[in-house]
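Notes follow once the structure below has been shown.
The numbers here are math on the coordinates, done by the rules we state, and not lab data. Here the structure is a predicted model, which is why all the values come from computation and not from measurement. Here the Cβ positions follow ideal geometry from the backbone for every residue, glycine too, while neighbour counts run over all protein chains shown.
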Amino acid sequence: MLYACEEEKKENLIFTNYNIEKAYKKCNPEKGNCTFINLNFPVAKGKETVATKINDSIEHHIIEIVSGFNPDNNPETMEEMVDGFIANYGSYREDFPETDIPWEATVFAEITSETPKLLSIDFNSYTFTGGAHGYGSNTYMNFNPETGAVYTHKDLFTPAFKDFVEKDFRNKENIPQGENINSTGMFFENDEFHLPANIGFRNDKLILTYNPYEIAAYVEGQKTYEYNLNEVSNYLKIDFSEKE
């Protein structure tokens with residue numbers, strides 16, 4: 001297990017970039033088939049209470065990303081999750097010695113936007129544990145850097161934001177405004193439009209991401225929509241005019 005770090009001061013917090021890697025029987029992913037897990041994520045230091053809340057949320061989220069494929073596996077720490085992923089593959093190889101299909105779990109988390117009122121982190125991940133294909137996604141966490149709390153959609157956007165996005169979504173996906181939101185093959189629950197589970201910020205843009213299976217078949221891939229912040233400023237509850 002390897003750890004590497006580089007420090008950069010971020011407002012009243014210091015973020016250290018950690019990398020955790022582990023491979024089955026110490027194989028080398030760059031030299032062929034290899035089961036491995038690679039996690040890269042920011043760790044907060046400085047304001048102790050705030051940093052602890054942010055770090056706990058990040059760790060829990062990464063554990064969910066990697067362990068979500070196995071509901072019987074409930075690791076409490078990142079280290080348990082990493083060891084468990086490799087151990088589960090080892091058990092799989094014992095049960096099916098004729099197969100040599102490798103597993104993979106990678107998560108790259110980066111800070112994509114930071115203001116005095118918001119810290120946004122994008123988790124770019126990919127997992128494969130056998131089957132027809134792996135699963136890649138982008139998930140976001142938006143923090144209040146003053147308290148360490150995770151913002152909800154209600155904390156960030158006015159109720160009118162959903163109507164704005166739905167109108168734009170229908171235009172971009174060629175769904176007539178008066179027809180059922182699923183009339184062209186979407187999978188919205190109860191035939192009602194909803195915002196994506198993952199909304200993040202990157203510099204001066206707002207990113208909305210529907211990951212595979214969220215509203216459409218896997219073959220449709222990820223659906224991402226971007227807006228300039230000044231385009232949606234009327235729907236934002238956070239003042240982005242404040243700079244560091």
Notebook entry, point to check: Relative contact order for the chain using alpha-carbon pairs under 8 Å, separation at least 6, rounded to a whole percent?
Noted result: 14 percent
Margin query: Please list 3J(HN,Hα) in residue order for the range 192-206, calculated via the Karplus relation 6.51 cos²θ - 1.76 cosθ + 1.60 where θ = phi - 60°; whole Hz, with x for glycine and proline.
Written below: 10, 5, 9, 5, x, 5, 10, 10, x, 10, 9, 6, 9, 10, 9
Notebook entry, point to check: Whose amide H sits under 5 Å from the amide H of residue 43, counting only residues 5 or more places off or on another chain, with H placed in the peptide plane?
Noted result: 16, 17, 18
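Add +1 for every Lys or Arg and -1 for every Asp or Glu among the other residues with Cβ under 12 Å from the Cβ of residue 93, and state the total.
Working: positive: 25; negative: 94, 95, 98, 100.
With Lys, Arg at +1 and Asp, Glu at -1, the net is -3.
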Next item on the list: Could you let me know the centre-to-centre spacing of the range 171-225 and the range 99-142, using Cα atoms, in angstrom?
Entry: 19 Å
Item checked: CD proxy at 222 nm, helix term only [per DSSP H run n ≥ 4: -39500 (n - 2.57); per residue of the chain; nearest 500] -> -7000 deg cm²/dmol
Margin query: So I have (i) 56, 48, 31; (ii) 53, 47, 36; (iii) 54, 41, 38, and one of them is Cα extents along the principal axes in Å calculated from this model. Which one is it?
Written below: (i)
Note to self: Along each principal axis of its Cα atoms, how long is the range 78-127 end to end? Whole angstroms, biggest number first, please.
What the structure shows: 54, 20, 8
Item checked: Loop-exposed trypsin sites (Lys or Arg not before Pro) per DSSP, neighbour cap 13 Cβ within 10 angstrom, longest uninterrupted part of the chain -> 1-236
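State the antiparallel share, in %, of DSSP beta bridges confined to the chain, rounding to the nearest 5. Don't skip to the end; give the middle numbers.
Working: 48 of 53 bridges.
If I count the DSSP bridges inside the chain, around 90 percent turn out antiparallel.
Hey, could you grab the Kirkwood Rh for the range 153-235? Inverse mean 1/r over distinct alpha carbon pairs, Å, one decimal.
Roughly 13.4 Å, rounded to one decimal.
Please state the relative contact order of the range 108-183 as a whole percent: Cα pairs under 8 Å, 6+ residues apart?
Details: 83 pairs, mean separation 13.9, N = 76.
Relative contact order for the range 108-183 comes out at 18 percent.
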